[in-house]
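Here's the structure we're looking at; comments come further down.
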Amino acid sequence: MTVRRALTLLCLAAIVVLGVASRLLELPFIDRGWAARTMARYPDRWPDYPLFLEGVRAHTEPGDTIAVIVPAMNWDGGYSYAYYRASYFLTGREVLPLVTPGNVRLQQNFRAAKYIAVFGVGLRSPADVVWRSGRGALLRLRR
Amino acid sequence: MTATLVAILSLAVLGIPITLAVDRSARGPLLIGTAFLYGSGTVYLVLLTLSIAHIRWTLISITIASLIVFCAATFIARRRAGDVASHHTKPHLLDLAALFTIVCYALYATLAPVWEWDFWAIWGLKARTFLEIGGIDWRFLESRWNTFVHPDYPLLVPLNYDFVALLNGGWSDRWMGLLCVAWAVALALVARSLAARETTPFFAALLALLVAALGFSRYVGLAEGALIAFGGVGVLFIRAALPDDDDIAWRHAALMLGFAANCKNEGLALLVAVTIAIATTSWSRLRKLTPAYALAVPWLILRAAHTLPTDIAEGSTVSRLLARLPYAHQIVMFLAEQLYKPWFWIAILIGILLAPAAARSRERFIFLVTAIQCLFFVTVYFITPNGLRWHVLSSWPRLTAQIAVPITFAVFLMLANSLRPEEDAPHAEDTRPVVPARSDE
């Protein structure tokens, strides 16, 4: 066997091993229940937030405008997550952000929204409670 | 899960006559792999067309439209009956390893409802939004509050999710990950079949295992899986077409690249890269890519008509480029540090150096396309309006995964075939075996 041939064999083996090797290949042999629970929790900063959004969805109609207030009103500090996640669970409604990526408050969206979905915080503005559950409530501002 | 599996099966069935219309002789893994990809691409076109025609998406409207396509493709396939030749891909025990890998990926992709941030903030969000109104929600895409969904991204993947949701009778992201597995399987099947034309069943099976691993995107729910499959298959078919201008391979390549351009903007970039790479050898061959351009154009027109913004192009790209150019060295070093599976890429580079020179020169097209794609990716980092560090960390591993399959395929075959007795002599003239041959042995 020539040196070149040996190196070629070695290189070919390295490509296959390095390309195929993955921890995913252990999946059939491990407790997938734990992994499944971890992945199910993975997207959410607040584990009860999706359930709250499902409730908001059930108590609103397609076409409604909804603004979300959460403990983190800083874009990178958690508001982006809250806003995007709400957009996903509340499709058909229009979710309005109350903060820009530059952390500028958008008061006009607060005023324009038909509903305010409040999660984990209180709201000082006068509003009627449409629905309440756990740490969250769906409010309708008094105009 | 049943709805997703039925959807995958339906896409494959829809794609069978389309594959046969393109290549009447397709059989075995090539037929199954390309059929699923054509089905996936066709259902996107069907939903896009219905939406443009203001026909609400329902199971009935989609079934009728798909049946029309199915019948037309069957008619064309029957007329092609003259070119039928026998195809047979000899199975190998090692194929079980690829199957095992795929099972592992299926387990991973279905551990939980699709969890990736970009799924529920981009791809899944669009699909779920469109499902609400039974069509593409242009108002949603045009809204200034929704720029985070990247409204300019093409819609093949979201509309495939909508197809699953329509079959399911409503939105559920629990088993959507299976679609990503199906795209990877389709790619592996096509790669297995193409490899079998050029090497032994053992090496072809080993390469299929490798392609299955590289083709499965860890980013479940994103468009990466579809892009890797359509783009990878498209480039591999061009590679197969180049030696003797095989019309069938050109047709497959052009259609697959057209669908890749409808997966992500990188798919569009891939089409440009392929165009440049082909133009360097022969301008006249570009006309063979006409179906790819025809498939890419509708979305480009729609996104221009609806003025959907592209975040990369925000503000002054030139000033950002000029500001970062002095730091080019550091940026490139950072990319090298953040490379996913760096040892794998080093092995690929060593493989290129070890391969016989004649084989290297035959793979020029793949090397060129890969290099151009890399150049595009790096250029985007120089002009991105986002934080450079964040942009690299959040995209570089995905981007390198997108280009891994074709170059790995080429390097693997160069090395494997140089080990075969008839190719022992390095630098031998034209040692590539039977690319255009229609036997898969």
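For this structure, a couple of remarks:
- Simple point charges give the picture: +1 on the Cβ of Lys and Arg, -1 on the Cβ of Asp and Glu, and for the protein assembly as shown a dipole about the Cα centre of about 1060 debye.
- Comparing B:311, B:244, B:137 in a Gaussian network model of chain B, where Cα atoms under 10 Å apart are tied by springs, the biggest mean-square fluctuation is seen for B:244.
- Stokes-Einstein D in µm²/s, Kirkwood radius over Cα pairs - segment A:1-92 at 10 °C with 1.306 mPa s viscosity: 90 µm²/s
- Where only DSSP H runs of four or more residues are counted, the protein assembly as shown gives -19500 deg cm²/dmol as its mean residue ellipticity at 222 nm, each run worth -39500 (n - 2.57).
- Residue order, fewest to most surrounding Cβ atoms within 10 angstrom, among B:118, A:76: A:76, B:118
- Partners of residue B:126 within straight-line reach, counting lysines whose Cα lies under 30 Å from its Cα and excluding those fewer than 8 residues away in the same chain: A:114, B:264.
- Gain upon complete extension [residue B:172, residue B:313; 0.36 nm per residue less C-alpha separation]: 47.3 nm
- Of all the options B:126, B:288, B:341, the one that moves most in a Gaussian network model of chain B with Cα springs shorter than 10 angstrom is B:341.
- Peptide-level mean, for A:4-13, of C-beta atoms on other protein chains within 10 Å: 6
- Inter-chain shielding of B:109-120 (mean C-beta neighbours from other protein chains, 10 Å cut-off): 5
- Here the relative contact order of chain B, from alpha carbon pairs under 8 Å that lie six or more residues apart, stands at 19 percent.
- Over chain A, Cα pairs under 8 Å with separation of 6+ residues give a relative contact order of 20 percent.
- Each Lys and Arg adds +1 at its Cβ and each Asp and Glu adds -1 at its Cβ; summed about the Cα centre, segment B:178-306 shows a dipole of about 180 debye.
- Put in line by how crowded their Cβ is, counting other Cβ atoms within 10 Å and starting with the fewest, B:266, A:94 read A:94, B:266.
- Counting, for every residue in A:18-30, the Cβ atoms of other protein chains within 10 Å of its Cβ and taking the mean gives 6.
- Farthest toward positive dipole pole in segment B:97-222 [+1 Lys/Arg, -1 Asp/Glu at C-beta], among B:204, B:131, B:214: B:204
- Farthest positive-ward along chain A dipole, Cα basis, beta-carbon charges - from A:72, A:47, A:34: A:72
- Rounded if a/c under 1.5, otherwise prolate or oblate - segment A:67-143, Cα gyration tensor axes: rounded
- ³J(HN,Hα), Karplus 6.51/-1.76/1.60, whole Hz, each residue of segment A:96-104, x for Gly, Pro: 9, x, 9, 9, 8, x, x, 6, 8
- Fewest-first sequence of B:56, B:303 by Cβ atoms within 10 Å of each Cβ: B:56, B:303
- Between the listed residues A:130, A:90, A:106, the Cα displaced farthest toward the positive end of the dipole of segment A:60-143, a dipole computed from Cβ unit charges relative to the Cα centre, is found at A:130.
Only the coordinates and a few stated rules stand behind these numbers; no lab work does. Worth saying up front: this structure is predicted, and the values here are computed from it rather than measured. No Cβ is skipped: glycine too gets one built from the backbone with ideal geometry, and neighbour counts run over all protein chains shown.
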